[in-house]
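Colleague: This is the structure I have questions about; it appears just below.
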Amino acid sequence: MKPKIHPFNIVFGLFAFLLISNYSPGFAQSSKPSPIKPVISITGTSTLHDWESKVEQSTGEYLIDQKIIKSLTINIPVLSIKSKDEEKLMDKKTYEALNSNKNPNIIFQLTEPATPVFSESNAEVTLTGNLTIAGVTKKITIKSSGKKSTSDAFRFTGSVPIKMSDYKIKPPVAMLGLIKTGDLITVKFDVTIPQQSLLAYF
């Protein structure tokens with residue numbers, strides 16, 4: 001006679017399989033990246049005065065798994081970098097210096113997993129990845145601090161200094177060389193992530 005299989009054993013077996021599927025790395029379901037829209041500005045100096053450009057269009061996405069940032073990509077269209085009205089003269093020179101026709105985007109891509117450290121309403125994270133500007137890729141490290149905002153979200157800010165010469169970029173000049181920009185620029189970023197999105201992971 002064949003041994004009888006109790007229905008309870010079947011139900012328990014299915015439950016155990018589902019439990020393993022959800023929590024075992026080998027069976028874990030793949031997560032989809034979440035979109036972000038960072039606010040980015042670029043500041044620098046010139047022989048005339050300090051200047052600032054805003055990035056009017058920037059997109060990105062990140063993926064958090066097991067409390068670790070597994071992927072992060074930020075994309076900046078070069079032509080979306082705009083100066084103040086009184087500094088519009090430099091925009092065309094900037095696009096030429098960045099060779100926007102051949103390299104239309106500035107891209108940051110995370111290369112090493114990063115683990116945010118949370119402390120009450122604050123957060124800290126160090127991001128290491130590749131920054132590609134004008135077709136040249138360099139490894140950079142960005143330190144970002146976050147703070148819980150009143151709008152039920154975490155706001156992360158940070159800045160990174162960049163030398164244009166490191167990316168084989170000649171600093172833009174205008175008015176027959178009377179206006180020259182400095183080699184060092186600073187890229188500042190500000191991004192807000194909904195608390196609900198973070199709570200799903202943390």
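Colleague: Would the stretch 109-121 turn up any residue that is in a strand (DSSP E or B) and in contact with a Pro (Cβ under 6 Å, 6 or more places away or on another chain)?
Modeller: no
Colleague: To continue, here is another question. When you look at Lys138, is it out of contact with any Ser or Thr (no Cβ under 6 Å at 6 or more places or on another chain), assigned to a strand (DSSP E or B), closer than 23 Å to Gly44 by Cα and among the charged types (D, E, K, R), yes or no?
Modeller: yes
Colleague: Looking at the structure I just gave you, is Ser144 farther than 30 Å from Lys93 by Cα and modelled with pLDDT under 85?
Modeller: For Ser144, the condition - farther than 30 Å from Lys93 by Cα and modelled with pLDDT under 85 - is not met.
Colleague: Please go through the stretch 147-187 and pick out each residue that is in a strand (DSSP E or B) and in contact with a helix residue (DSSP H, G or I) (Cβ under 9 Å, 6 or more places away or on another chain). Give the steps one after another, and end with the answer.
Modeller: Start the filter on the stretch 147-187 by keeping residues that are in a strand (DSSP E or B), which leaves 147-148, 153-163, 173-174, 179-187.
Lys148, Ala153, Phe154, Val173, Ala174, Ile179, Thr181, Gly182, Asp183, Leu184, Ile185, listed by residue number.
Colleague: Next up: What are the residue pairs meeting all of these: first residue in the stretch 41-56, first residue free of Cβ contacts under 8 Å to residues at least 24 places away in the same chain, second residue among the acidic types (Asp, Glu), Cβ atoms under 9 Å, and 6 or more apart or on different chains?
Modeller: Short answer, once both residue conditions are applied: His49/Glu87.
The values are calculated or read from the model by the stated rules, or taken from the named source; none is laboratory data. What you see is a predicted model, and the numbers here were worked out from it, not measured in a lab. Methodologically, a virtual Cβ is constructed for each residue, glycine included, from the backbone with ideal geometry; neighbour enumeration extends over all protein chains shown.
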